[in-house]
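Everything on this sheet refers to the single structure shown next.
Readers should treat all values here as calculations from the given coordinates under stated rules, not as data from a laboratory. The structure presented is a predicted model; accordingly, all values stated were derived computationally and were not measured. Neighbour counts run over all protein chains shown; Cβ positions are idealised from the backbone, glycine included.
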Protein chains: 2
Amino acid sequence: MSSKGERTRQKVLKTARELFYLNGYNNTSIDDILKTSKIKKGNLYFHFRGKEALGYAVLDSYLTEEAELMNRMFSGSGSPMERIYRLFDSSRKHLSGQGCRGGCPIGNFALEMSDLHNGFRKKINAVFDAWCDHLEKLLRKAKQADELPPSIDTKAMACLMVAVWEGGVMLVKTRKDPRVMGDCIKSLKGIVQAYRV
Amino acid sequence: MSSKGERTRQKVLKTARELFYLNGYNNTSIDDILKTSKIKKGNLYFHFRGKEALGYAVLDSYLTEEAELMNRMFSGSGSPMERIYRLFDSSRKHLSGQGCRGGCPIGNFALEMSDLHNGFRKKINAVFDAWCDHLEKLLRKAKQADELPPSIDTKAMACLMVAVWEGGVMLVKTRKDPRVMGDCIKSLKGIVQAYRV
DNA sequence: AGGAATAGACTAACCGGTCGGTTATTCGGT
DNA sequence: ACCGAATAACCGACCGGTTAGTCTATTCCT
């Protein structure tokens with residue numbers, strides 16, 4: 001039972017999210033958000049204190065969604081490493097489906113704002129940390145299943161996975177070719193599996 | 001024998017490079033460049049057609065420098081993989097030395113502008129391609145030296161290296177902790193070396 | 001003298017944000 | 001059930017400041 005005000009609030013938030021994602025935070029104006037959401041200025045400022053507050057709200061929405069995304073990763077079938085590869089591949093497909101545009105919303109925010117806005121930086125960091133935590137759990141399972149050498153530092157490798165993910169998405173976005181991500185996965189899989197033979 | 005005009009041209013270029021790097025392209029104004037370079041508006045527009053031309057000039061300067069950077073990588077001592085790890089580590093040190101600010105100038109440009117400016121995107125892509133090409137040569141040598149499994153696709157792995165690099169730099173920039181990059185290298189080294197035992 | 005280089009006033013569009021006023025919804029008193 | 005007050009939601013003109021870019025006037029150097 002959402003009130004009328006709540007609906008417009010969500011509409012603004014969704015529009016801001018989309019535009020920040022596609023065009024960057026600094027490069028989307030309040031007027032842009034107004035125009036595509038069909039909401040008028042006075043109303044937007046009734047629901048949000050300003051552009052910065054919108055930025056925080058968008059980042060919070062990502063942090064909230066992170067949990068369900070990662071739960072899906074854990075609920076899937078297959079071996080631990082297979083589940084990680086599948087996560088990568090699903091994002092490759094998603095990116096491919098939208099013409100390799102946008103990339104990763106968190107990664108975009110991270111590079112654009114980390115040095116400019118410490119409050120944003122902390123929020124972004126929280127998402128990365130959550131990803132690392134979840135990935136590390138899966139990597140520990142992979143080690144137990146002898147999919148990884150016992151010598152591997154799972155925490156460090158979780159960082160590596162996030163880095164490969166973000167870097168891969170960056171390359172897909174600039175090359176406009178989703179196969180780059182496939183190459184990254186393939187190559188990572190290749191050196192990991194070489195351990196077992 | 002550089003003329004007076006050429007000196008100011010270089011001064012503008014250097015300032016634009018620095019500001020685009022630290023604050024992003026869209027987020028640095030012509031006035032910002034004017035203020036920090038002490039050059040007056042009419043003079044800047046005498047040397048450059050506009051902001052876009054400045055962007056191209058900055059990207060061209062990166063493409064030019066890329067060659068010497070990669071030559072240095074090839075001229076170093078040590079095994080092929082060691083040289084790659086050292087390249088990563090030198091960037092970690094560099095980032096650490098400047099307080100984990102800035103990150104990778106090409107990566108910043110890539111995420112900010114790939115979807116907004118196709119001309120910029122192509123220039124950025126050219127730099128990534130050059131990196132991949134050089135890395136692939138080194139990876140082929142590594143394969144010959146039995147540092148990598150023969151089954152590895154060196155082209156795909158070159159992509160992976162660039163992805164790890166860019167992703168690692170992103171994490172360092174947002175975490176403000178250079179050790180993340182160290183973790184990425186360590187982890188990569190770990191799974192590669194597991195192949196040899 | 002004369003072109004290259006520099007200076008800075010000026011413009012029009014756009015920026016984020018404010019504010020006074022209007023309409024829609026909710027709710028207590030009868 | 002109905003009315004009126006209170007409040008939630010919405011509207012758009014307006015503000016000071018900034019944006020990229022233009023143009024004319026001046027100075028420097030050969």
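Taken over the Cα atoms of segment B:85-154, the convex hull encloses 101 Å³ per residue.
Kirkwood radius, chain A, all distinct C-alpha pairs, inverse of mean reciprocal distance: 18.4 Å.
Under a Cβ-only charge scheme (Lys and Arg +1, Asp and Glu -1), can you give me the dipole magnitude of the protein assembly as shown about the Cα centre, in debye to the nearest 20? Charge dipole, the protein assembly as shown, about its Cα centre: 860 debye, nearest 20. Take each residue in B:113-126, count the other chain C-beta atoms within 10 Å of its C-beta, and the mean is 3. Close Lys pairs in segment B:6-148, defined as Cα atoms under 18 Å apart and 8 or more places apart or on different chains, number 16. For the peptide B:103-110, the mean number of other protein chain Cβ atoms found within 10 angstrom of a residue's Cβ is 3. Among A:ARG83, A:ARG101, sorting on how many other beta-carbon atoms sit within 10 Å of each Cβ, with the fewest leading, yields A:ARG101, A:ARG83. With springs only between Cα atoms under 10 Å, which of A:PRO105, A:PRO178, A:PRO150 fluctuates most in a Gaussian network model of chain A? The residue that fluctuates most here is A:PRO150.
Annotation for A:GLU68, label-to-label distances across the other copies: 5.3 nm (shortest first, one decimal, point 7 Å from Cα along Cα→Cβ).
Averaged over the residues of A:152-159, the number of partner chain Cβ atoms lying within 10 Å of the residue Cβ comes to 6.
When the P(r) of the protein assembly as shown is calculated, the portion above 32 Å amounts to 37% of the C-alpha pairs. In terms of other Cβ atoms within 10 Å, B:MET181, A:MET81 run from fewest to most in the order A:MET81, B:MET181. When the P(r) is computed for segment A:111-197, the part past 19 Å accounts for 52% of the Cα-Cα pairs.
Here is what passes the span test in chain B: the DSSP H helices with alpha carbon length of 20 Å or more along the helix axis and a Kyte-Doolittle mean of 0.5 or above are B:154-175.
Working note: 222 nm ellipticity from helices only, DSSP H runs with n ≥ 4, each -39,500 (n - 2.57), summed and divided by the residues of chain A, gives -26000 deg cm²/dmol to the nearest 500. Of the peptides B:33-42, B:160-169, the ranking by mean beta-carbon count within 10 Å, highest at the top, reads B:160-169, B:33-42. Using the alpha carbons alone, the radius of gyration of segment A:14-68 stands to its Kirkwood radius in an Rg to Rh ratio of 0.97. The residue among A:SER61, A:TYR85, A:TRP165 whose Cα reaches farthest toward the positive pole of the charge dipole of chain A, with charges on the beta-carbon of Lys, Arg, Asp and Glu, is A:SER61. Magnitude of the charge dipole for chain A, about its Cα centre and with charges confined to Cβ atoms of Lys, Arg (+1) and Asp, Glu (-1), is about 680 debye. For segment A:1-68, the Cβ-based charge dipole about the Cα centre amounts to some 540 debye (Lys, Arg positive; Asp, Glu negative; other atoms uncharged).
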